[in-house]
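Chemist: Please find one structure pasted underneath; my questions will follow.
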Amino acid sequence: MAGLFLSATFLSSCNHLFGDPGTIIINFNSLLTRTLNVDVSTYHLKVVDSKGKVYYEGSYGSSPEALSVPAGSYTVSAVSREFQEPGYEEPQLGDTQLVVVGEGETVGVLLMCAQLNSGLQLTVDESFAATFPQGELYLKSADGELLHSYEETRTAYFNPGNVSVVLDDGGVTQTLFARNLRARQILQMKLSAVCSETSGSIEIQVDTSRQWLSDSYVYGGEDDASYIENALDVTSARARGEADDVWVKGYIVGVATSSGKFAFEPPFSKETNLVLGLRPGTTDEEYCLSVELKSGVIRDELNLVENPSLHKREVYIKGDLVSSYYGIPGLKSITEYQLD
């Protein structure tokens, strides 16, 4: 008992010695993830301090809305998937940010979700297939290779670096072309063949040498949230105060039952409103936004009584921000929505 008391006293003294902890709130600009149908909640999130101590590692959806940390500098990183070797339809998205947190300070981190790997979309026309009917194509990089059939239309993804296309025609191999691809680049190539009675040659037709999926993101003034690409997350919407015609994104976590009282688990009995949370599992009203559902099509399609499968789904909703609705900041006069 004495040992436990001394330990508790020591921890209390340490907390006082190092000052009040700070807070990190992490959010995503998810425009590209929405385009590629990637669920942000499944991202692997990691927060480490300057000495390598891990303060959180796991899925973004399971992370706390606010992460309490001692004052200091932190690296916040997230990736949509592990990616080590070439694969079809496996874009890897993510970002890394360095943040400095002061004593008692709350710092927001916006992760930009840029594509980290590169890709090759190779198509083969009839002339090439007719010239090499028994041929096989291989897409090669330093990390491995993919067998690419003539009918394949999917995008192959690689770590940034050199990528080559190799033809194996009955055991005779030749490299058709090689390119150095950088992160965020998708190279579109078309293979065709030109033959004559005396000689044959392969012609490589380039449709698009560089296609940038995402170059940059610019966040501007107060009016930006009128576009869905700049939708406010729940914490940003709460901080914005009153504003008209803005997009807000969040997860449908429950309903308001009366002023200051909320239900986060089914079955739900209120059709007139929704509660949006910062995470799929949010149950703290400090990280929630109430949403008015007026009678009509939007209520019919979004209310949790008739649509229980929408519980914990991400949604983008456009309306007017108000300072209080059911006792917390809210969104009223809904005009549009989009489920993610």
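The values are calculated or read from the model by the stated rules, or taken from the named source; none is laboratory data. These numbers were taken from a predicted model, which means no experiment stands behind them. Note that each Cβ is placed from the backbone with ideal geometry, even for glycine, and that neighbours are counted across all protein chains shown.
Chemist: Tell me, which residue of segment 293-319 that is in contact with a Leu (Cβ under 7 Å, 6 or more places away or on another chain) and either under 20 Å from S62 (Cα atoms) or not aliphatic (A, V, I, L, M) (or both) is surrounded by the fewest Cβ atoms within 10 Å (Cβ to Cβ)?
Modeler: Of all residues in segment 293-319, those in contact with a Leu (Cβ under 7 Å, 6 or more places away or on another chain) come to 293, 299, 302-304, 310-311, 313, 315, 317, 319.
Those still in the list that are either under 20 Å from S62 (Cα atoms) or not aliphatic (A, V, I, L, M) (or both) too: 299, 303, 310-311, 313, 315, 319.
Numbers: R299: 18, N303: 20, L310: 17, H311: 18, R313: 14, V315: 18, G319: 23.
Only one residue fits best here, namely R313.
Chemist: Spot the failing condition for K140; the list is (1) in contact with a Leu (Cβ under 6 Å, 6 or more places away or on another chain); (2) more than 21 Å from L93 (Cα to Cα); (3) at pLDDT 95 or above, and only one is missed.
Modeler: (1)
Chemist: Filter segment 43-92 for residues that are part of a loop (DSSP other than H, G, I, E, B) and within 30 Å of L187 (Cβ to Cβ) and give the result.
Modeler: We begin by selecting, within segment 43-92, every residue part of a loop (DSSP other than H, G, I, E, B); these are 43, 50-53, 63-66, 70-71, 80-86, 89-92.
Those that are part of a loop (DSSP other than H, G, I, E, B) and within 30 Å of L187 (Cβ to Cβ): Y43, S80, R81, E82, F83, Q84, E85, P86, E89, E90, P91, Q92.
Chemist: Given the conditions (1) among the small types (G, A, S); (2) surrounded by 13 or more Cβ atoms within 10 Å (Cβ to Cβ); (3) modelled with pLDDT under 95, report the number of the one that G260 does not fulfil.
Modeler: Only one criterion in (1) among the small types (G, A, S); (2) surrounded by 13 or more Cβ atoms within 10 Å (Cβ to Cβ); (3) modelled with pLDDT under 95 is unmet by G260, namely (2).
Chemist: Between a residue in segment 80-93 that is touching a residue at least 40 places away in the same chain (Cβ under 8 Å) and surrounded by fewer than 18 Cβ atoms within 10 Å (Cβ to Cβ) and any residue that is assigned to a loop (DSSP other than H, G, I, E, B) and not small (G, A, S), which pairs come within a Cβ distance under 8 Å, given they are 6 or more apart or on different chains?
Modeler: Within 8 Å, the pairs are Q84/D143; Q84/N159; E85/D143; Y88/E152; Y88/R154; Y88/T155; E89/R154; E89/T155.
Chemist: Out of the residues in segment 97-115 meeting the condition of being free of Cβ contacts under 8 Å to residues at least 60 places away in the same chain and loosely packed, with under 14 Cβ neighbours inside 10 Å, tell me which one is nearest to G170 (Cα to Cα).
Modeler: Initial filter on segment 97-115 (free of Cβ contacts under 8 Å to residues at least 60 places away in the same chain): 97-98, 100.
Now drop any that are not loosely packed, with under 14 Cβ neighbours inside 10 Å, which leaves 98, 100.
Working: L98: 53, V100: 60 Å.
Selected residue: L98.
Chemist: Of the residues that make up segment 304-313, is at least one among the β-branched types (V, I, T), at pLDDT 90 or above and farther than 26 Å from V109 by Cα?
Modeler: Residues of segment 304-313 that are among the β-branched types (V, I, T), as a first pass: 305.
Those still in the list that are at pLDDT 90 or above too: 305.
Narrowing further to those that are farther than 26 Å from V109 by Cα: 305.
Yes, some residue in segment 304-313 is among the β-branched types (V, I, T), at pLDDT 90 or above and farther than 26 Å from V109 by Cα.
For (1) in contact with a strand residue (DSSP E or B) (Cβ under 6 Å, 6 or more places away or on another chain); (2) among the hydrophobic types (A, V, I, L, M, F, W, C), each residue gets a yes or a no:
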residue	(1), (2)
G260	no, no
E265	no, no
K270	yes, no
T282	yes, no
I298	yes, yes
N307	no, no
D340	yes, no
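Chemist: Could you check P280 against (1) surrounded by 14 or more Cβ atoms within 10 Å (Cβ to Cβ); (2) within 24 Å of A225 (Cα to Cα); (3) over 22 Å from the mean Cα position of the chain (by Cα) and say which number it fails?
Modeler: In the conditions (1) surrounded by 14 or more Cβ atoms within 10 Å (Cβ to Cβ); (2) within 24 Å of A225 (Cα to Cα); (3) over 22 Å from the mean Cα position of the chain (by Cα), P280 misses (3) alone.
Chemist: With the condition kept exactly as written, say whether any residue in segment 116-133 is of a type in the set (D, E, K, R), free of Cβ contacts under 8 Å to residues at least 24 places away in the same chain and farther than 26 Å from T283 by Cβ. Spell out how you get there, then give the answer.
Modeler: If we filter segment 116-133 for residues that are of a type in the set (D, E, K, R), which is where we start, we get 125-126.
Those still in the list that are free of Cβ contacts under 8 Å to residues at least 24 places away in the same chain too: 126.
Now narrow it down to the ones that are farther than 26 Å from T283 by Cβ: 126.
Yes, some residue in segment 116-133 is of a type in the set (D, E, K, R), free of Cβ contacts under 8 Å to residues at least 24 places away in the same chain and farther than 26 Å from T283 by Cβ.
Chemist: Sort through V40, V54 and tell me the only one that's in contact with a Phe, Trp or Tyr (Cβ under 8 Å, 6 or more places away or on another chain) and under 28 Å from T283 (Cβ atoms).
Modeler: Exactly one of V40, V54 is in contact with a Phe, Trp or Tyr (Cβ under 8 Å, 6 or more places away or on another chain) and under 28 Å from T283 (Cβ atoms), namely V40.
Chemist: Turning to a different aspect of this structure: Taking the condition in the same structural domain as I317 (by TED's automatic domain parsing), β-branched (V, I, T), in contact with a Gly (Cβ under 6 Å, 6 or more places away or on another chain) and at pLDDT 95 or above, does V234 pass? Before the answer, list the steps.
Modeler: Working: in the same structural domain as I317 (by TED's automatic domain parsing): yes; β-branched (V, I, T): yes; in contact with a Gly (Cβ under 6 Å, 6 or more places away or on another chain): yes; at pLDDT 95 or above: no.
Judged against the criteria, V234 is not a match.
Chemist: Now a separate question. Would you mention how many residues in segment 294-327 are under 27 Å from the mean Cα position of the chain (by Cα) and closer than 21 Å to D284 by Cα?
Modeler: Our first condition is that a residue be under 27 Å from the mean Cα position of the chain (by Cα); within segment 294-327, this holds for 298, 301-304, 307-321.
With closer than 21 Å to D284 by Cα added as a condition, the list becomes 303-304, 308, 310-317, 321.
Qualifying residue count, segment 294-327: 12.
Chemist: Could you tell me which residue of segment 23-49 is modelled with the lowest pLDDT, considering only residues that are in contact with a Leu (Cβ under 9 Å, 6 or more places away or on another chain) and either surrounded by fewer than 18 Cβ atoms within 10 Å (Cβ to Cβ) or not assigned by TED's automatic domain parsing to the domain that holds V107 (or both)?
Modeler: Among them, the one singled out is T35.
Chemist: Is it the case that E306 is farther than 14 Å from K332 by Cα and acidic (D, E)? First the steps, then the outcome.
Modeler: On the way: farther than 14 Å from K332 by Cα: yes; acidic (D, E): yes.
Here the answer is yes, as E306 does meet what is asked.
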